[in-house]
Amino acid sequence: MSIITLTYKSNHSPSLSDGSLLRPDTLGAMDTLAIEAVMLSVGRTTVPLGELFETECTASPQNILIIRHAPQLHRLGAQMAQGTLIIEGDAGDDLGASMTGGIIHVKGNGGHRVGGPDVTSRRGMNGGEILIDGNVLDFAGFLMRRGFIAIAGTTGKSPGYRMLAGTLILGSPCVNQPGLEMQRGTIISLSSIKPPVSFAPGGTIAASAMPAMTIVLKRLRALQWPRLADAMFDWKKINDGSWQLWSGDALTINKGEVLQWQY
Amino acid sequence: MWAARLIVTAIDEHWVRIAATETCGYGTSVIGCDAEAGVERFLSAEETPDGRPGVSLLFFGFKAENLRKAVPNRVGQCLMTCPTTAVYDGMPDVVATDETPRIDLGKRLRFFGDGHQKSKQVTISTVPLDATVDVPATLAPTHSLRRLWRIPVMDGEFTCEESIGTLKAIGGGNLLICGIDQRTTLDLTRAAVDAIASCGDVITPFPGGIVRSGSKVGSRYKSMFASTNDEYCPTLRGKVKTKLRDGFHCVYEIVINGLSESAISHAMKIGMVAAHRRAEELKTKIVFSAGNYGGKLGKFHFKLREVMA
């Protein structure tokens, strides 16, 4: 187990676009030489990782992979099972595609289909946690099955589109059809949200009446997610808050829920 | 014996106490109850999974199979019905084995939701984060992924962990406190029980932590597994061989169930120290004893001299 820091150094043309091999659970088991020898697809050729990244490895009780100054890589953390992946910058499309465990923290923006299905898969992420400090593009949480995604910034079209289950947390206002055709799962808005008309309003529920949601928020706090680090919540009064509830999507099996935090 | 621990939370301390009282009711001795149950300790909002006040309850049964029936029944009847409560596994890190299986809890109770129940797999953070590494706290090492069932009820949701862990544990650790009269002995024993309440991993399952009808193993009647501890009954002095010393006319017993031998031993020591201190305050005499009933009570022996060493 180790903390691996990959700092992008190359202006290789064409540039690296697929980041699916940059996973803490696979690279964490290797030494520096082995990591630098990993072959990455660049355009029609493959090049050793060492040509594109400066690699720094330190022993640690956990697997942590930090990627710095890289271009927007697609499929980062795809099928990741454990460990922590930290992207100091922006991520491309299909971040955490079909991941099953571990934590991904993007300090910049994400692309399309965060936590969605990987190539050939019919299900999105099946576990793990994705934290995004910035904005994302369309269909965040597409077909996600388990785990949670927290997005501090804005979202594109229909976050939670066709969600199967899991938890999607939105830190900024959202009116772009959140949860459209979702089956199960929870979309939590810490700002304002306008679900599609196929969602039925369920009124206001005291936070203390839904302890499972408080546990989700407590997890975010433990992860020191930026929105919460900004003292968004007075933690001692968290159970004095309430949730505005919508149930849906009536277009499917109607077992999903959209919750908006109220102060 | 086998043990299970529940963490029960509620909207405030009032409902936590009611939940604890109801759930642990009729849970004194497995001689006649489905389980021995008691409050391990009350928890502050910072210590519980959902940030509400709570209580840690311990349940003991002869076998894991007994707990498999008793705990879901008690949770279903006493906690799901109690306003605002939620129930979590208090031993989530115990590895399930054939000998120490997990007990289905929410997995059984969820059907009360009549199809409207939902599950949520969540990571429950239990301790503060270690900030020794210069990377975000996404490293949080101390968390466990748990499945909770959310059962819709009329005041919101009853949240209940899918299953709970069990552990091989020890029941029947006992301490006999002999005093000069009933009032004084009760006072001394209460002091001991109050002190034991501060110990972790143990409960004193009897009323107020105290037993007046201490028992011996066996009886002259075939249908009875246990009968009165005649050697310590003051009214039988002169009629049976007594263990009461001259001038001592009352005995109370504290039964201690614990998750480990050391936890029981520590609790006994704390109890004896507190009772002795109280006896000094009252300027009265006190005698401690304990019983293993010729080994019939179990393989563990808590010799008081060794406990106090």
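Taking the stated definitions as given, is residue B:9 under 21 Å from residue A:217 (Cβ atoms), within 18 Å of the chain's Cα centre (by Cα), buried (at least 19 other Cβ atoms within 10 Å of the Cβ) and in the same structural domain as residue B:106 (by TED's automatic domain parsing)? Walk me through it before giving the result.
Details: under 21 Å from residue A:217 (Cβ atoms): yes; within 18 Å of the chain's Cα centre (by Cα): yes; buried (at least 19 other Cβ atoms within 10 Å of the Cβ): yes; in the same structural domain as residue B:106 (by TED's automatic domain parsing): yes.
Judged against the criteria, residue B:9 is a match.
Would you be able to tell me the number of residues in region B:269-294 that are in a loop (DSSP other than H, G, I, E, B) and either outside the structural domain of residue B:198 (by TED's automatic domain parsing) or modelled with pLDDT under 95 (or both)?
Adding up the residues that qualify gives 3.
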Please enumerate the residues belonging to region A:122-134 that are surrounded by fewer than 17 Cβ atoms within 10 Å (Cβ to Cβ) and over 18 Å from residue A:183 (Cα atoms).
none
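What are the residues in region A:106-146 that are outside any loop (DSSP other than H, G, I, E, B) and without any contact (Cβ under 8 Å) to a residue 60 or more places away in the chain, if any? Let's see the steps before the verdict.
First pass over region A:106-146, keeping only residues outside any loop (DSSP other than H, G, I, E, B): A:106, A:126-132, A:146.
Across region A:106-146, the qualifying residues are A:106, A:126, A:127, A:128, A:130, A:132, A:146.
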Selection status of residue A:101, modelled with pLDDT under 95 and either part of a loop (DSSP other than H, G, I, E, B) or of a type in the set (S, T, N, Q) (or both):
yes
With respect to residue A:58, determine if the residue is under 28 Å from residue A:223 (Cα atoms), surrounded by 17 or more Cβ atoms within 10 Å (Cβ to Cβ), of a type in the set (Ser, Thr, Tyr) and within 14 Å of chain B (Cβ to nearest Cβ).
no
If a residue must be over 13 Å from residue A:65 (Cβ atoms) and not in a strand (DSSP E or B), how many such residues does region A:1-31 contain?
10
Can you tell me which residue within region A:61-85, out of those that are within 14 Å of chain B (Cβ to nearest Cβ) and not hydrophobic (A, V, I, L, M, F, W, C), is surrounded by the most Cβ atoms within 10 Å (Cβ to Cβ)?
A:77
Does any residue of region A:148-166 turn out to be in contact with a Gly (Cβ under 9 Å, 6 or more places away or on another chain), within 12 Å of chain B (Cβ to nearest Cβ), polar (S, T, N, Q) and without any contact (Cβ under 8 Å) to a residue 40 or more places away in the chain?
no
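Looking only at region B:21-39, decide whether some residue is within 13 Å of another protein chain (Cβ to nearest Cβ) and outside any strand (DSSP E or B).
At the first step, the residues of region B:21-39 found to be within 13 Å of another protein chain (Cβ to nearest Cβ) are none.
No, that holds for no residue.
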With criteria (1) modelled with pLDDT under 95; (2) crowded, with 20+ Cβ neighbours inside 10 Å, residue A:179 comes up short on (1)
Note: among B:222, B:241, B:269, just one is free of Cβ contacts under 8 Å to residues at least 40 places away in the same chain and surrounded by 18 or more Cβ atoms within 10 Å (Cβ to Cβ), namely B:269
Right, residue B:76: of a type in the set (Gly, Ala, Ser), surrounded by fewer than 19 Cβ atoms within 10 Å (Cβ to Cβ) and in a helix (DSSP H, G or I) or not?
yes
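Conditions (1) facing chain A (nearest Cβ under 8 Å); (2) in a loop (DSSP other than H, G, I, E, B); (3) modelled with pLDDT of 90 or more, marked per residue:
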| position | (1), (2), (3) |
| --- | --- |
| B:83 | no, yes, yes |
| B:101 | no, yes, yes |
| B:108 | no, no, yes |
| B:123 | yes, no, no |
| B:133 | yes, yes, no |
| B:138 | yes, no, no |
| B:144 | no, no, no |
| B:148 | yes, no, yes |
| B:151 | no, no, yes |
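The values are calculated or read from the model by the stated rules, or taken from the named source; none is laboratory data. Worth saying up front: this structure is predicted, and the values here are computed from it rather than measured. Here Cβ is always computed from backbone atoms with ideal geometry, including for glycine, and neighbour counts include all displayed protein chains.
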